[in-house]
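Remarks on the structure that follows.
The values are calculated or read from the model by the stated rules, or taken from the named source; none is laboratory data. Note that the coordinates shown come from a computational prediction; the quantities given were computed from them, not determined experimentally. Backbone-built Cβ (ideal geometry, glycine too); neighbour counts: all protein chains shown. Surface accessibility is based on the protein's heavy atoms, side chains included, excluding ligands, DNA and RNA. Shrake-Rupley method; radii C 1.70, N 1.55, O 1.52, S 1.80 Å.
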Amino acid sequence: MNGAEKKARFIAPDTLIGKRIPKMDAPEKASGKTRYIHDIDLPGQLYGKILRSTRVHALIKSIDTAAARALPGVHAVITAADIVNQRPIGVAKDHFPLKTDKVRSLRDEVAAVAAESEQIALEALKLIRVEYEDLPILTDPAEALKPGATLIHPEPRQPGGQDALKPSGPVAFTGKPDNVAMRFDYCHGDVVQAEAESDVVVEDTFKLHYVTHCCMGVSGMIADFDSSGNLIMYSNTQVPFLHKREFAEYLNMDPARIRIIQPAIGGGFGSKLDIYPFEVICVFLAQAAKRPVKLVFTREEEFISSPTRQPVLLTLRSGCKKDGTLTFRVVNTLHDNGAYTSWGATTPFVMMQTFSSLYRVPHCDYHTTAVYTNNPYAGSFRGYGNLQATFAVEAHMDKLAEAIGMDALDFRLKNAQAQGEVTGQGMEFDSCGFKECLDTAAERSDFRRKFAENLKNRNSSDPIKHGVGIASMLHVGGGAKIYPSDGCGTILKLDDFGQVTLITGASEIGQGSETVLSQLVCEELGLPMSALTVVNNDTAITPWDVGVHASRTTFIAGNSALGAARLAKAKVLAAAARKFECPASDLDLRGGHVIKAASGEALIDLPRLMRNLHFSDKAELVMTTFYYEPPSSYQDKRYKGNVSAAYAWASQVVEVEVDTETGIVKMTRITAAHDVGRVLNRLGIEGQIEGGVVMGQGYALTESLIIENGVTRNPNFRDYKLVTAPEIPEIDITFIETMDGEGPQGAKGVGEAPAICVAAATANAIYNATGVRIYGLPFTPERVYRALHGKGEKLVPLTAKAA
Amino acid sequence: MNEIEHYVAPSSLEQAAEYLQRSGEVTLLAGGTDLMPQSQSGKLKIKRTLMNIHQIPELKGITIEGGEIRIGALATITEIMQSELIQKHLPILIEACDQFASDQIRNAATLGGNICNASPAGDMLIPLLVLDAEVELASKPNGSLTRRRLRLTEFFVGPGKTRRAPAELLEGVRIALPPPHHYARFFKFGTRPALDISTISIGIAGVLNTGTLSNVRVAFGAVAPVPTRAPRTEQALEGRHLDAAAIDAIAAVARDEVKPIDDIRATAWYRKELIHNITKRMLTHVAQA
Amino acid sequence: MSLKHDIEFTLNGVRRQASVRVDMSALDMLRDVVGLTGTKYGCGEGECGACTILVDGKSLNSCLLFAVDCNGRNIVTIEGLAADAKADALRAAFVEYGAVQCGYCTPGMVVQASHLLATHPQADADAIKRGIEGNLCRCTGYKKIVEAIASVNAADKQGARP
């Protein structure tokens, strides 16, 4: 056998990039072995439950917990009065986890219980007596702005009451003289002059509705204090490192004493970016009971108390010249914040990018007022305002084109951004496949022919009308610099057996990050996927990352993993170069071996080289670290700046059948062309696009959280209709590979992109089919039927003053 | 929380009827698909005794007896769907089964449960009404098993309320074999094939003879407190030659006849429009059949 | 506290007993009494299918099934399928075809798919979609789930599986 060993072995080049790589965690998940928060129990654990308000807006006159406390098996009952120096949470620090003197929405937390079983905890909740005094209810955001409107957070907070914040406290929020939570004002150019020079001007008002994430795994967490007072949280958060610091602030703890462990997460989609009252309350309960406490929602609770996508009322005024050149846009929007401020209020950061920069718009004004009401509060949700903005922009692209008699596709191509452009808002498009996306989606769907044919058939006697619509989107694809750092850290270790442990700050929430990061490392180190183990769920182990949001993980964490892998490769090759007495540049890694780069001849397998290195005079292990910070910049005070290191583009063509006798809109086909930079894991990226498209379909057609007078009327899957399998359209996906210069292997982020333009394209398709444009979502049968029969909702335009 | 004191699982109809006669405070468990979520959410409180009737053989099976098809109360939606008897003689029931909830629920939910729940939107009730089904109720008032029959049209009193007495058990339904040239169709409005609560549903049945229907029965779901027959629409349709003008006129009668309400699923106005438009569409199919 | 009742049933091929509250669901029994957590709570109302199990060969939502009604019945959960070589191809197809993302709906989906394959071996894509209409998935858009199930059906037809 010695002879055989000496025979040279050559390893052919191969690549993992662009291949269909199954998710590393899929075998466990398909066997039911994966442990989600719901599946984890700690010894001695108690069960937490929250008592929520039964009133939409009321003063809390008294809370009597005596009977609940006396129930056998109850370990702790807490109200705001039991928490010393409770601090407000949230984006505007306007939200006490346990409500003090007032409830402001039906989801509000009034008291909480920790007991030996869920049943006992629920029994105890029933024994808590709360006396309320109703206040006027404010649920219409337009009403909220009127003088004399009921104030949701009147200033100053009740003197001497618990809401009165100590001047020395860490928090600035002291109530508001009006119901305005936030304002955003942006402009570039001179819209007045531009409007005067326009040949055509259109103005419309759009109403975007409440939807919610509906993660299949309901929210939950476990809080546990060790005997030294360190807090261990088993949490579903998408932003563990930000939360570590924030929880510390809210709990008045040293952040160093908080450790966050993330079990497998049953869906994120942006829902787990903020800190919610239940999480803080769970910690309070663990503190009070001196036992670990697990708090998990019911589905009804998930619907009632989870954040929603930001509902928006929006008036858009747009103009163009006869030759099809866009001239200006003026946007006024009114955001219904709900009773508290979460990320929903800040969606204008993303919305204004679409208005200012999806197409070349020389002059743009954008104004948002986010107001408080007694409705559920709005959070962050895949797309982050972009579904709403794109819905309006793409309606106007169709309307302007029609007004000047130009083809809808030509009009878009004429105004589409291209590589190298810097927009009025300061976004720099180093890679941009927008026009290619438009062309590809149109060609693959036969858009022009179908569009013309459908127009001809609009007035036929067949009650079923066919429509085709196109819409496009721009979204950050290289992170988003909104925190002091937008980076991600990686620790890489190679062991004596050639096994690699990738320790990354980036969380897996189902999107497949651990697989794509492993793929990038394996590609660099010439290893099979089986050589990788990923650790990504414990703040005591993993290096810092800003979190899973803004479609950033493949790009940012990918570059970070790649950086660490490159350092490891250099170390390995340097060791091999010493051993084989040749320059490291003559060597490479492939198929688990060090090879001669020129010939592919295998010199030594990686495990043996690792052991040689380890058990030598100089005893060395290969362990590397890397921190990647993208070359993006903050927006200035006027919201200008290049916030992302790369931008993603997409065009989608939606085809529908509209039954004019029932209003049913059936989505038959979606043709999607996405500029993703480069395809890394084809299986994974297809899954992201397909899932996002169907989420967009739900937003367009079926999903609506019905809020009446502050009450959520459909907190269940029976009446909150997620798309089911038989409803999905045929989905045709083309990837446009623009090879972004900064992206890992040329890739850009894609997580949010596919959901963004579906509703916009659907609206255009319905118009193509019927000649009726519908300005509100979702396109439920009744809404469509009403619109077709001239009974559509009349929307009052927002003026700059009203917004 | 439910304060259940007794759990019984009788193995015969006699036993069950006897128990019901003795103890008034009984909640019946068959498929459980409605009872479980309603009791868990507190919308329904299980009474002192929970009686599982799942093991009672007399309540099972689908048979043909003396010109009638008998469907046992415990027949699941899946069993009805797969029954060759039903496929052959009562295909309208297959249409309703196919749109009933989901496979998992069809495998558990029973016909008896769907009838006794008496939902205005109950999927199986509209076809049963146009088939003029009868319910068979069993009790044991004087120490011996007694049965009575009631036409389904008379069975429903209000949402969730029926004429079943507390001591009675729904044993099954009986449907006379349809006459030759029988035509019966069911339509359930929804945006997806199943897993949907009816916004409206329509059943139309009769004897078809070159574009006319006679012995007509029409029923509407989700437009009244109970699933209901539509006598005015039936009258307008009876024996009428179904040309375009007649179809328009009958659809208008149907729209006027129903008295739906506004709820989160639809407004009354829209429900009436749907009744009109779908009736028209269904009658157009009849005319072409 | 609510009344308890002793039952006996077969779980994943093994006879066993349990003492359960009479108003308890089979889902709670499996997760909290028996300790098998592969069956998931998604809604508790039979609307999402995450808790799908097989009872006497038929797929049911375990959240709608009374635990006491398991008495004398034959129950198979995802753990049973995970240990059953006959289900290997199905689970492998879910992995290979990318039918898994967050994975929370996956156990219920796999159980329902196994029922579908057993009862409708000829199911085409449309029939597969109907077969899983009671199983909600928020991540994948269903396409890859349908492809995964169809691939097993196709392999069966070609005799690629024993």
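Report, ordered by chain and residue number, the lysines lying within cross-link reach of B:K259, taken as a straight Cα distance under 24 Å and ignoring same-chain residues fewer than 8 apart.
Answer for B:K259, where 24 Å is the Cα cut-off: A:K791, B:K161, B:K188, B:K272, B:K280, listed by chain and number.
Kindly tabulate the residues in the stretch A:623-663 with an accessible-area decrease of at least 40 Å² between the chain alone and the assembly of all protein chains, using a probe of 1.4 Å.
A:E661, A:T662
Can you grab the distance from the C-alpha centre of the stretch A:459-517 to the C-alpha centre of the stretch B:69-122, Å, no decimals?
Cα centroid of the stretch A:459-517 versus Cα centroid of the stretch B:69-122: 45 Å apart.
Could you tell me the accessible area of A:M24 in Å² (1.4 Å probe, neighbours in place), rounded to the nearest ten?
The value for A:M24 is about 60 Å².
Cα-Cα over 27 Å: which of A:K49/B:K43; A:K19/C:K58; A:K272/A:K435; A:K29/C:K86?
Listed pairs above 27 Å: A:K19/C:K58; A:K272/A:K435.
Would you pull out the residues with amide H under 5 Å of A:I21's amide H, same chain only if 5 or more places away, H placed 1.01 Å from N?
The answer is A:R682, A:L683, A:G684.
In Å and whole numbers, how far do the C-alpha atoms of the stretch B:160-231 stretch along each principal axis, longest first?
47, 33, 23
What translational diffusion coefficient, in µm²/s and rounded to a whole number, does the Stokes-Einstein relation yield for the stretch A:1-119 at 37 °C and a viscosity of 0.692 mPa s, taking the hydrodynamic radius as the Kirkwood radius over Cα pairs?
Approximately 165 µm²/s, per Stokes-Einstein.
Let me know the whole percent of all Cα-Cα pairs from the stretch A:653-792 that are separated by more than 27 Å.
I get 30 percent for the Cα pairs in the stretch A:653-792 exceeding 27 Å.
How high is the relative contact order of the stretch A:214-277, in percent, counting Cα pairs under 8 Å that sit 6 or more residues apart?
38 percent
If you take the C-alpha gyration tensor of the stretch C:4-81, multiply each eigenvalue by 5 and take the square root, what semi-axes do you get, largest first, in whole Å?
Rounded to whole Å, the semi-axes are 17, 14, 11.
Determine the gain in length on full extension of the stretch A:E601-A:S485; use 0.36 nm per residue of separation and subtract their C-alpha separation, reporting nm with one decimal.
Separation in residues times 0.36 nm, less the Cα-Cα distance, equals 37.4 nm.
Kyte-Doolittle cut-off -0.5, length cut-off 24 Å along the helix's own axis using Cα: show which whole DSSP H helices in chain A pass.
Membrane-span-like by this criterion, though nothing is claimed about a membrane: A:386-403, A:558-580.
Modelled label-to-label distance, C:D6 and A:A66, 7 Å Cα→beta-carbon offset: nm?
Result: 4.3 nm between the two label points.
For the pairing of chain A with chain B, what total accessible surface becomes buried, with a 1.4 angstrom probe, in square angstrom to the nearest 100?
Summing both chains' loss of accessible area gives about 2100 Å².
Rounded to the nearest 500, what is the 222 nm mean residue ellipticity of the protein assembly as shown from helices alone, with -39500 (n - 2.57) per DSSP H run of 4+ residues and division by all residues?
When only DSSP H runs of four or more count, the value is -8500 deg cm²/dmol.
What's the Cα-based Rg to Rh of chain C, Rh via Kirkwood?
Radius of gyration over Kirkwood radius for chain C works out to 0.99.
Which entries in A:K93/A:K176; A:K7/A:K596; A:K176/A:K481 show an alpha-carbon gap greater than 23 Å?
Checking Cα-Cα distances, A:K176/A:K481 exceed 23 Å.
Using a 1.4 angstrom probe with every protein chain in place, what is the largest-first accessible-area order of B:E168, A:E601, A:E28?
A:E28, A:E601, B:E168
Which semi-axes, in whole Å and largest first, does the equivalent ellipsoid of chain A have when worked out from the alpha carbon gyration tensor as the square roots of 5 times its eigenvalues?
Calculated on Cα positions only, the semi-axes equal 43, 39, 23 Å.
Could you work out the per residue convex hull volume over the alpha carbons of the stretch C:85-157, in cubic angstrom?
76 Å³
Calculate, in whole percent, how much of the Cα-Cα pair population of the stretch A:46-179 lies beyond 25 Å.
More than 25 Å apart: 32 percent of the Cα pairs in the stretch A:46-179.
Roughly speaking, to the nearest percent, how much of the stretch A:507-569's 1.4 Å accessible area is carbon and sulfur?
Accessible surface attributable to carbon and sulfur in the stretch A:507-569 totals 55 percent.
Using a 1.4 angstrom probe with every protein chain in place, what is the largest-first accessible-area order of A:W343, B:W269?
If we order A:W343, B:W269 from most to least accessible, we get B:W269, A:W343.
Treat each spin label as a single point 7 Å out from the Cα along the C-beta direction, and report the A:E657 to A:E443 distance in nm.
About 2.9 nm, to one decimal.
Straight-line reach only, C-alpha to C-alpha below 16 angstrom: list the lysines that A:K399 could link to, leaving out same-chain residues fewer than 8 apart.
Answer for A:K399, where 16 Å is the Cα cut-off: A:K321, A:K322, A:K414, listed by chain and number.
Please work out the ratio of the alpha-carbon Rg of the stretch B:6-50 to 2.2 N^0.38 Å and round it to two decimals.
For the stretch B:6-50, the normalised Cα radius of gyration comes out at 1.20.
P(r) tail for the stretch A:462-541, what percent of Cα pairs lie past 17 Å?
Roughly 61 percent, once rounded to a whole number.
How much accessible surface area, in Å² rounded to 10, belongs to the heavy atoms of A:K61 with a 1.4 Å probe?
110 Å²
What is the P(r) of the stretch A:294-339, as percent of Cα-Cα pairs per 10 Å bin from 0?
P(r) for the stretch A:294-339, in whole percents per bin: 20, 26, 22, 15, 12, 5, 0.
Once every Cα of the stretch A:641-721 carries one equal point scatterer and solvent is ignored, give the base-10 log of I(q)/I(0) from the Debye formula at q = 0.13, 0.14, 0.24 Å⁻¹, two decimals.
These q points yield log10 I(q)/I(0) values of -0.65, -0.73, -1.16.
Just to be sure I understand: if I project the alpha-carbon convex hull of the stretch A:260-301 onto a plane and average over all orientations, what area do I get in nm²?
Projected area, direction-averaged: 3.8 nm².
In whole angstrom, and with the biggest value first, how far do the Cα coordinates of the stretch B:60-176 range along each principal axis?
So the three principal-axis extents are 41, 33, 25 Å.
Apply the Karplus curve 6.51 cos²θ - 1.76 cosθ + 1.60, θ = phi - 60°, to the phi angles in the stretch B:239-254 and return the couplings in whole Hz, x for Gly and Pro.
Taking θ as phi minus 60°, the curve returns x, 7, 5, 8, 8, 4, 5, 5, 4, 4, 5, 5, 4, 5, 4, 4 Hz for the stretch B:239-254.
Of all DSSP beta bridges located in chain A, what percent are antiparallel, nearest 5?
Antiparallel bridges: around 75 percent, rounded to the nearest 5.
Stretched out fully, how many nm does the piece from A:K126 to A:R245 gain, at 0.36 nm a residue minus the Cα gap?
My answer for the length gained is 39.3 nm.
Hey, can you grab everything whose amide H is under 5 Å from the amide H of A:R669? Only 5+ residues off in sequence or another chain; H modelled, so Pro and N-termini drop out.
Excluding prolines and chain starts, which carry no amide H, the hits are A:E655, A:E730.
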